[in-house]
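Colleague: Sending over a structure as structure tokens; questions will come in a sec.
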Amino acid sequence: MAIKDILTVPDARLKEVSQPVAAVTDEIRALMDDMLDSMYAAQGIGLAAVQIGVPLRVIVMDLEWGKEGAAEGHRAPRFFVNPELSDPSHETTPYEEGCLSVPQVYDVIERPSTVRLRYLDRDGVAREELAEGMFATCIQHEMDHLNGVVFIDHLSRLKRERAVAKVKKARRLAA
Ligand code: K2U
Ligand code: ZN
């Protein structure tokens, strides 16, 4: 269990397309534990493995722990290995997204309101469910990461360049 550094734009590794996992082994479970530790430490509700420099198709999520009024320390971690999305709804939902790899940048992104999700769980068991609400927004945001896409790639070139410049300036000031 370890907290790993989270890559930030414009790190080229965030543009890599992540590779499928051959099998859900103890090593992959240890990776997911490190991802969770890193996500909680960064106050996130989702994280893709590529964000800690591991280009494998693995996502972790906890939509409960940051909620208003959630019991102190109440955690409901989710694990998604080799996730696949299908049947996106025509209806879309706007949400002001942020990203741990684009710190302090927020903008509204429209995504399908529901999407079907197939994945292997922490034990390697195949699961399928319909993602709705924040779960739908978050899983699509994380799936973008697995395909080398960060949310600012959905914005105009001007907004994207301003976002990268803001992250680079903040990194310089923190150095
Ligand atoms: O991929 C990431 O960087 C994790 C994101 C996941 C996320 C993005 C957009 C919308 C929902 C989830 C981070 O958790 S961003 C921080 C955050 C925290 C609570 C709610 C929304 C965003
Ligand atoms: Zn992100």
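Colleague: I want the local charge near residue 4. Using Cβ-Cβ distances under 14 Å, sum +1 for each Lys or Arg and -1 for each Asp or Glu among the other residues.
Modeller: Neighbourhood net charge equals -4.
Colleague: Taking the solvent-accessible surface of protein heavy atoms with a 1.4 Å probe, what is the per residue accessible area of the chain in Å²?
Modeller: That works out to 54 Å² per residue.
Colleague: For residue 114, tell me the accessible area in Å² from a 1.4 Å probe, rounded to the nearest 10.
Modeller: Residue 114 exposes around 40 Å² with every protein chain in place.
Colleague: Starting from the exponent 0.38 and prefactor 2.2 Å, build the expected Rg for segment 89-175 from its residue count and divide its actual Cα Rg by it.
Modeller: Its radius of gyration relative to the 2.2 N^0.38 Å reference: 1.28.
Colleague: Right, next: What Kirkwood radius, in Å to one decimal, follows from the Cα pairs of segment 10-100?
Modeller: Final number for the Kirkwood radius of segment 10-100 is 14.7 Å.
Colleague: Ignoring ligands, DNA and RNA, what percent of the accessible area of the chain is carbon or sulfur (1.4 Å)?
Modeller: 52 percent
Colleague: Continuing with the same structure: Around residue 110, with a cut-off of 15 angstrom between Cβ atoms, what is the net charge of the other residues, counting Lys and Arg +1 and Asp and Glu -1?
Modeller: -4
Colleague: Now, a different point. Under the Kirkwood approximation applied to all pairs of distinct alpha-carbon atoms, what is the hydrodynamic radius of the chain in Å? The partial results should precede the final answer.
Modeller: Numbers: mean 1/r = 0.0603 Å⁻¹.
Taking the inverse mean of 1/r over all distinct Cα pairs, the chain comes out at 16.6 Å.
The values are calculated or read from the model by the stated rules, or taken from the named source; none is laboratory data. The shown structure was predicted, so the numbers you read here are calculated from the model rather than taken from an experiment. Glycine also receives a Cβ, built like all others from the backbone with ideal geometry; neighbour counts cover every protein chain displayed. In case anyone asks, the SASA skips ligands and DNA or RNA and just uses the protein heavy atoms, side chains included. Shrake-Rupley method; radii C 1.70, N 1.55, O 1.52, S 1.80 Å.
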